[in-house]
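So the structure is just underneath, and the comments pick up after that.
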Amino acid sequence: MNASSRLPRVSIASLGGTVSMQPGDQHAGVTPRLDCEGLLRGLPQLGQLAQIEAQTLCLLPSASLDVPTLLEVLSWARCQVEQGAEAVVLTQGTDTLEESAYFLDLLWPFDAPLVMTGALRAASHPGADGPANLLAAVQVAIDDQSRGRGVLVVLNDTIHRATSVRKVASLAMAAFESPGVGPEGGVVEGAVSFHRPASTRIPLPVPVRAVPPIALLEACIDADTALLRALPALGYAGVVIAGFGAGHVSQAWAEALGELALAFPVIVASRTGNGPTARSTYGFVGGEIDLQARGVQMAGALCPRKCRVLLGVLLASELEGVVNRWLGP
Ligand code: GLU
């Protein structure tokens, strides 16, 4: 047995994003062009850490990732583990990373880590952070402490849980945070450490039906209810509201949401970006007590975008009746 065959097997796939972007010939600006092999060429030290299997699954800006693509990615990642990979690493654009990580986390059935990373600076940019992020992602992926934690997001030497991570800055290097709970751990000089033990996960079955359209609307001052009232006729199967403060809406929206809740699931989250919705504090019309009495679910600490992902996956498996299990305090 040679030395490399004793190294852990890690499968790495590229989906595109800034981490794989370079200037092209025809268009202004950078676009996804660097495939997974190209990404790995810049990181020869990975060969000392793991036996790497590389695959380019797509080369998209992450704004154009969709559920069917993510289901294909999931299927590929599951096959890798079933065929002996000890961990899987995905690179993608950071713009939608919090949503795709959460989607995959809901459906990831293994203790084997699924680690996602990306970059804020394009591959062609001086000081590109992609190689360092990919190296840290592999270091996390092969660490035993990462097992049983579902999908982890690793950027800027910081480890986040898929449930809590958010992109909080458009271009800054420290673009990812886990508001309210803080990061799950970190990587220092290649050493991985976690701040807390793994928590219990309830992986969902892969949906057998198509994930239905779920609307996401933000409560704004003096907003009318025309879009809300149009949703059922437009074919939506549920709605998530990014509500004011601790999960509040206007009186007019409260009435409209109560009517919608008779037709399909309605979740109200907080638009603040930090902290949970309330459950039993405010008594005004449109406050959380009134909304719950109208059949609306409060999101807890789950952000509006992740509520939308959750509701779609649950509806596709006819499990929306137990949505509360995933909406934490
Ligand atoms: N800033 C984004 C990125 O980090 C832009 C492109 C994308 O999300 O694909 O990748």
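Here is how the numbers come out for the structure above:
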item: Identity of the residue in the stretch 33-45, away from the ligand (no atom under 16 Å from the Cβ) and assigned to a loop (DSSP other than H, G, I, E, B), that ends up modelled with the highest pLDDT; result: LEU43
item: Qualifying residue in the stretch 192-210 (condition: outside any loop (DSSP other than H, G, I, E, B), surrounded by 19 or more Cβ atoms within 10 Å (Cβ to Cβ) and of a type outside the set (Gly, Ala, Ser)); result: yes
item: Cross-chain or 6+ apart pairs with Cβ under 8 Å, the stretch 36-63 first and of a type in the set (Asp, Glu), then within 16 Å of the ligand (Cβ to nearest atom); result: GLU37/THR56
item: Of residues in the stretch 46-64 being more than 11 Å from the ligand (Cβ to nearest atom) and part of a loop (DSSP other than H, G, I, E, B), the one surrounded by the fewest Cβ atoms within 10 Å (Cβ to Cβ); result: LEU49
item: Residue list for the stretch 2-32, restricted to those being in contact (Cβ under 8 Å) with a residue 60 or more places away in the chain and either surrounded by fewer than 20 Cβ atoms within 10 Å (Cβ to Cβ) or not in a strand (DSSP E or B) (or both); result: PRO8, ARG9, GLY17, THR18, VAL19, SER20, GLN22, PRO23, VAL30
item: Residue match in the stretch 78-91 (condition: under 23 Å from LEU314 (Cβ atoms), of a type outside the set (Asp, Glu) and more than 16 Å from the ligand (Cβ to nearest atom)); result: yes
item: Looking only at the stretch 7-23, and only at residues there that are modelled with pLDDT of 95 or more and more than 11 Å from the ligand (Cβ to nearest atom), the one that is nearest to LEU39 (Cα to Cα); result: SER14
item: Any hit, the stretch 154-168, residues being surrounded by fewer than 24 Cβ atoms within 10 Å (Cβ to Cβ), under 23 Å from ALA28 (Cβ atoms), touching a residue at least 40 places away in the same chain (Cβ under 8 Å) and not small (Gly, Ala, Ser); result: no
item: Residue that is nearest to LEU106 (Cα to Cα), among those in the stretch 161-173 that are in contact with a strand residue (DSSP E or B) (Cβ under 8 Å, 6 or more places away or on another chain) and within 15 Å of the ligand (Cβ to nearest atom); result: VAL165
item: Subset of the stretch 92-121 (residues that are more than 9 Å from the ligand (Cβ to nearest atom), in a loop (DSSP other than H, G, I, E, B) and surrounded by fewer than 23 Cβ atoms within 10 Å (Cβ to Cβ)); result: PRO109, PHE110, ASP111, ALA112
item: Any pair with Cβ under 9 angstrom, 6 or more apart, that starts in the stretch 169-193 at a residue that is closer than 20 Å to PRO131 by Cα and β-branched (Val, Ile, Thr) and ends at one that is assigned to a strand (DSSP E or B) and within 16 Å of the ligand (Cβ to nearest atom); result: VAL187/VAL154; VAL187/THR158
item: Residues satisfying the stated conditions in the stretch 65-77, i.e. within 16 Å of the ligand (Cβ to nearest atom) and surrounded by 15 or more Cβ atoms within 10 Å (Cβ to Cβ); result: LEU65, THR69, LEU70, VAL73
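The values are calculated or read from the model by the stated rules, or taken from the named source; none is laboratory data. Source: prediction; values computed, not measured. Every residue, glycine as well, gets a Cβ built from its backbone with ideal geometry; the counts of neighbours run over all protein chains shown.
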